[in-house]
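Taking it in order: structure first as structure tokens, then the write-up.
The values are calculated or read from the model by the stated rules, or taken from the named source; none is laboratory data. The structure displayed is predicted, hence computed values, not measured ones. With ideal geometry, Cβ positions are generated from the backbone for all residues, glycine too; neighbour counts draw on all protein chains shown. Areas reflect the complete protein model, heavy atoms only, side chains present, ligands, DNA and RNA absent. Shrake-Rupley method; radii C 1.70, N 1.55, O 1.52, S 1.80 Å.
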Amino acid sequence: MRELLIIGIGPGHPDQLTVQAVKALNRVDVFFRIGKGDARAGLNAARDEILRRHVTRPGYRVVDIPEPPRDRSPSLTADGYQDAVHDWYAARAALIARAILDELGPDGTGAFLVWGDPSLYDSMLRIIDRVLALGLVTFEYTVIPGVTSVQALAAAHRIMLNRVGEPVHITPARRIAGGLPEGLDSAVVMLDRGFTPAAFDDQGLDVFWGAYLSTPDEVLISGPLAEVAGRITETRAALRERHGWIMDTYLLQRDQEDGG
């Protein structure tokens, strides 16, 4: 039976793959890569470097799958957003099912390389379930965990994510558009199309921001939000213009005494 490996490859540095991930890479016959367009060429280059550095098995192939369009209109309601995401999942699943059927032999091993870890704000596992539900192709699949950008952010800034005895809160930016919810003093924010906290009317937050984490292009900014929000906004725009894309995340914390 066909086998798929969903391999977490970390935020971009080839040295941040686990030993388990490297062993998995060397079992693969076909690496499937979902195209992100010319603007994301740097992402594909990073994947290619991971394969060049870690795969010693000869004869593997890389198969590109086109990325279907997705409605990202800022005006989408919550229900509209969910519908747009599910439509995108369905389109992706159909393309992936066809690629597996056409490109991977009945006893072959294929793989998708997932940024960070497949469990955190990545759609691949949900889509793989949809691929199987289509009934076009059957396979078994295994998930290989990876280092997340959240871990990379904390390491780069040499900080802890949680305060003593408090939870770690991880959220997409759209959930904090009005500021941190009452009673929440610390949050890791992902999937921000801009820098949402720049509009906060809150002088009591510190921010630890990072872009292109664990890559040669890494940029870090930290400090009181009121002092560095403008700098982050400007830096982020300049980086997006320079590279054509950006991946960033940040930690917001209430400015208070912390015992460790």
Using the heavy atoms of the protein chains alone and a 1.4 angstrom probe, what is the accessible area of segment 104-174 per residue in square angstrom? 49 Å²
For the chain, find the longest principal axis of its Cα atoms and tell me its angle to the long axis of helix 78-103, 0 to 90°, nearest 10. 30 degrees
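Over the chain, what relative contact order in percent results from Cα pairs under 8 Å that are six or more residues apart? Please list the in-between numbers first.
Working: 445 pairs, mean separation 62.2, N = 260.
Rounded, it is 24 percent for the chain.
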Given the candidates Val147, Ala99, Leu5, the one whose Cα lies deepest towards the positive end of the charge dipole of the chain, counting +1 at each Lys or Arg C-beta and -1 at each Asp or Glu C-beta, is Ala99
Find which of Ala46, Pro167, Leu225 sits farthest along the positive direction of the dipole of the chain, computed with +1 on the beta-carbon of Lys and Arg, -1 on that of Asp and Glu, about the Cα centre. Ala46
Have a look at Arg92, Arg27, Arg240 and tell me which one the Gaussian network model of the chain (Cα, springs below 10 Å) gives the largest fluctuation. Arg240
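Quick check: residue separation of Arg126 and Asp102 times 0.36 nm, minus the Cα distance between them. What number comes out in nm?
Values: separation 24, 0.36 × 24 = 8.64 nm, distance 2.14 nm.
Taking Arg126 through Asp102 to full extension adds about 6.5 nm, to one decimal.
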Placing unit charges on C-beta atoms (Lys and Arg positive, Asp and Glu negative, everything else neutral), compute the dipole magnitude of the chain about its Cα centre in debye, rounded to 20. 840 debye
Quick check for me: using +1 on Lys/Arg Cβ and -1 on Asp/Glu Cβ, what's the dipole size of segment 190-260 about its Cα centre, in debye to the nearest 20? 360 debye
Quick check: from the Cα gyration tensor, does segment 120-185 come out rounded (a/c under 1.5), prolate or oblate? prolate
Using helices alone, what [θ] at 222 nm do you get for the chain, with -39,500 (n - 2.57) per DSSP H run of 4 or more residues, divided over all residues and rounded to the nearest 500? -10500 deg cm²/dmol
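Which percent of the accessible heavy-atom area of segment 117-260 goes to carbon and sulfur, probe 1.4 angstrom? Mind dumping the intermediate values first?
Details: 3660 of 7520 Å².
The value for segment 117-260 is 49 percent carbon and sulfur by accessible area.
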Say R0 is 41 Å: what FRET efficiency, to the nearest 0.05, do Arg27 and Ala177 get from their beta-carbon distance? 0.40
Taking the chain as the reference, fit the longest principal axis to its C-alpha atoms, fit the long axis of helix 41-54 to the helix C-alpha atoms, and give the angle between the two in degrees, 0 to 90, nearest 10. 60 degrees
Positive end of the charge dipole of the chain (Lys, Arg +1 and Asp, Glu -1 on Cβ, about the Cα centre): tell me which of Leu213, Phe112, Gln82 has its Cα farthest that way. Phe112
Using 7 Å Cα-to-Cβ label points, what is the Ala155/Trp245 separation (nm, one decimal)? 2.2 nm
Length gained if Ala94 through Glu67 is fully extended, taking 0.36 nm per residue and subtracting the Cα-Cα distance, is 8.6 nm
If packing is taken as the average number of other Cβ atoms within 10 Å across a peptide's residues, how do 173-181, 146-154 rank, most packed first? 146-154, 173-181
